[in-house]
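What follows is a single structure, written as structure tokens, with notes after it.
The values are calculated or read from the model by the stated rules, or taken from the named source; none is laboratory data. Bear in mind the structure is a predicted one, so any value in this text is a computation, not a measurement. Please note: Cβ atoms are built from the backbone with ideal geometry, for glycine as well, and neighbour counts cover all protein chains shown. Accessible surface is based on the protein model in full, side chains and every heavy atom, while ligands, DNA and RNA are left aside. Shrake-Rupley method; radii C 1.70, N 1.55, O 1.52, S 1.80 Å.
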Number of protein chains: 2
Amino acid sequence: MHMSLVCLAKPVLYGYFRSSCSWRVRIAFALKGVEYDQVPVNLIKDGGQQLTEQYKTRNPMQQVPAVEVDGVTLSQSLAVIQYIDETRPGPRLLPADPKKRAQVRMISDLIASGIQPLQVSNYDRQVRWPLESILKQTSGKYCVGDEISMADICLVPQVYNAERFKVDVGQYPTIKRLNQTLLEIEAFKVSHPSCQPDTPAELRT
Amino acid sequence: MHMSLVCLAKPVLYGYFRSSCSWRVRIAFALKGVEYDQVPVNLIKDGGQQLTEQYKTRNPMQQVPAVEVDGVTLSQSLAVIQYIDETRPGPRLLPADPKKRAQVRMISDLIASGIQPLQVSNYDRQVRWPLESILKQTSGKYCVGDEISMADICLVPQVYNAERFKVDVGQYPTIKRLNQTLLEIEAFKVSHPSCQPDTPAELRT
């Protein structure tokens, strides 16, 4: 009997505990209830393990995350999340309604394309205030209405990063409220940078 | 009789002839055969017309493009393109197969998130070579297999921008081949920056 073993294999996530894009993928796996294996790629050790030839073969972008799933290797966290959403059972990560889906993608792209580590000083003016303004219109309990979506998956790691860089999110009441609500949810807790296999002992909480 | 006039109205594109993100949306409209109105937003004149309070109300990001469609205003070109694809008849801009769809999104995100105008000098090393490497694996006649997709919509304006900044794409044979093939297609021609309503006379060809 010929069995399609590829499809039965658990996905493998190549990621880094503190990478916001890796965290996004971990949240998505947790929300969908998908079991997966993690292979840590340390972005600092050995001058950056993502720069090795071995990793480059896996992901030419030499970035984390990369995910091996169903026989293909995917990078770019939003593409990975939507693939998982479309091929796995469990709660939808993108709403069924096309307009709401467009708003989820708009917010996700805004966060994902806005994160430019070298421009932290300009980041607030350029991205966070417009984000607050959009979320004021789209949010219910969560970023878009009352269902958790890819937009929420993007928001929480972004706020975590902002706080690492000492940005006071208190001035953005909608962002602050949504972040607090989301951090209470199990999928956001188990995927948190403070409790991953590669989290250093001194950063564990 | 109650008629849903909102749905019958033509979409309105707020864009700029030379913005690569605006061009993406124009290509998508052309491929789908969707009629739309254009409102030029000049990013240079008057210190940047996208910065006015009037435009900010429309798009808090103060960027082009923004599209008014079916009673909502959407920004972020990939979100707009996918909305148009999901709600309009005509050729699919994302493949039906989930793996191919993931590859299309991966390439599109790679191009979209990689475009950082302030880092043109690093851009080649960071994005274009990995893109060539991915396209070598995914491409057929077009970026992913033999059907035109959102990835192609992203590629052509990116190469146009690269050439404006004097990058020699000749060293990327797959990118060069795909770009040449795509530029022969009517939807990429009619949407080209050289022939838009707001293209200055001296740049028309």
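Observations, loosely collected:
- Among the residues of the stretch B:67-113, those identified as without any contact (Cβ under 8 Å) to a residue 24 or more places away in the chain, more than 9 Å from every other protein chain (Cβ to nearest Cβ) and farther than 18 Å from residue B:37 by Cα are B:96, B:97.
- Helices (runs of 4 or more DSSP H) contained in the stretch A:4-118 and holding at least 1 residues open to solvent by 50 Å² or more (accessible area, probe 1.4 Å), at pLDDT below 90 and not β-branched (Val, Ile, Thr): A:5-8, A:53-58
- Neighbours by Cβ (under 9 Å, 6+ apart or cross-chain): first from the stretch B:172-184, on the phi > 0 side of the Ramachandran plot; second part of a loop (DSSP other than H, G, I, E, B) and not hydrophobic (A, V, I, L, M, F, W, C): none
- Within the stretch A:170-188, the set of residues being assigned to a helix (DSSP H, G or I) and out of contact with any helix residue (DSSP H, G or I) (no Cβ under 7 Å at 6 or more places or on another chain) comprises A:171, A:173, A:177, A:180, A:181, A:186.
- Residues that are of a type outside the set (D, E, K, R) and closer than 13 Å to residue A:30 by Cβ within the stretch A:184-199 comprise A:185, A:187, A:188, A:190, A:191, A:192, A:195, A:196, listed in sequence order.
- Among (1) in the same structural domain as residue A:30 (by TED's automatic domain parsing); (2) of a type outside the set (A, V, I, L, M); (3) modelled with pLDDT under 85 - the single one residue A:125 does not satisfy: (1)
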